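The values are calculated or read from the model by the stated rules, or taken from the named source; none is laboratory data. This one's a predicted model, so the numbers in the text were calculated from it and none came from an experiment. Virtual Cβ from ideal backbone geometry, glycine too; neighbours counted across all protein chains shown.
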């Protein structure tokens, strides 16, 4: 599996290739100080299923109805000090997922091969963890905890509010795509950046994945 299938926009597999590309295209090296300290990493106990999830996040009757399609314009995640504009990212000429432009390290990217945030299915928003200039938009993603709220402002004027139920670091090699991008039949969101151990040869060895579920519409 090396390239994304651009025909699968509304299925989980429309976004599967992002896993191979987030780490490759979102790493720009960082400074020596950042490499030494490393970005925040979530504890194993924060991963989905590692502890009993909040019943309110899992009960079908507690979630609002899915929204119609509308591209995101901004992502806010106070727990990680994120308040950033969102740009569409698609596939490059080689069939890989593009990252936000590295020269704008405060910009997040919505993968257009998946659903828009708030639609039924799993939406994907990616961002750089760092650049040679220092921490980037998703540097603090690993410090997010269960129960944190993610607000996605949409172009139709609605704000889709998601509640985090899992934060984990997963390896790029053998990334668990079926689990991460599984379609639960409800609107979900994945925020993804690089994480784990940093090596000079291969960059960050993992991805930080924040899993959240739609819990409010404003």
Count of region 141-163 residues which are touching a residue at least 60 places away in the same chain (Cβ under 8 Å) and farther than 16 Å from residue 114 by Cβ: 15
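One line per residue, one yes/no per condition, for (1) closer than 19 Å to residue 148 by Cβ; (2) modelled with pLDDT of 55 or more:
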site	(1), (2)
32	no, yes
49	yes, yes
56	yes, no
72	yes, yes
77	yes, yes
89	no, yes
104	no, yes
107	no, yes
Checking residue 85 against (1) in contact with a helix residue (DSSP H, G or I) (Cβ under 9 Å, 6 or more places away or on another chain); (2) surrounded by fewer than 18 Cβ atoms within 10 Å (Cβ to Cβ), the condition it does not meet: (1)
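Does residue 216 satisfy being in contact with a strand residue (DSSP E or B) (Cβ under 9 Å, 6 or more places away or on another chain), in contact (Cβ under 8 Å) with a residue 60 or more places away in the chain and under 24 Å from residue 64 (Cα atoms)? Quick ask: steps written out before the conclusion?
On the way: in contact with a strand residue (DSSP E or B) (Cβ under 9 Å, 6 or more places away or on another chain): yes; in contact (Cβ under 8 Å) with a residue 60 or more places away in the chain: yes; under 24 Å from residue 64 (Cα atoms): yes.
Considered against the rule, which asks whether it is in contact with a strand residue (DSSP E or B) (Cβ under 9 Å, 6 or more places away or on another chain), in contact (Cβ under 8 Å) with a residue 60 or more places away in the chain and under 24 Å from residue 64 (Cα atoms), residue 216 comes out as yes.
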Options 122, 116, 112, 163; residue that is under 17 Å from residue 42 (Cβ atoms) and either modelled with pLDDT of 95 or more or under 14 Å from the mean Cα position of the chain (by Cα) (or both): 163
Residue among 129, 115 that is farther than 24 Å from residue 79 by Cα, touching a residue at least 40 places away in the same chain (Cβ under 8 Å), buried (at least 24 other Cβ atoms within 10 Å of the Cβ) and in contact with a strand residue (DSSP E or B) (Cβ under 6 Å, 6 or more places away or on another chain): 115
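Tell me the residue from 144, 150 that is surrounded by 19 or more Cβ atoms within 10 Å (Cβ to Cβ), touching a strand residue (DSSP E or B) at 6+ places or on another chain (Cβ under 9 Å) and farther than 19 Å from residue 66 by Cβ, please.
Values: 150 fails: farther than 19 Å from residue 66 by Cβ.
When all the criteria are applied, what remains is 144.
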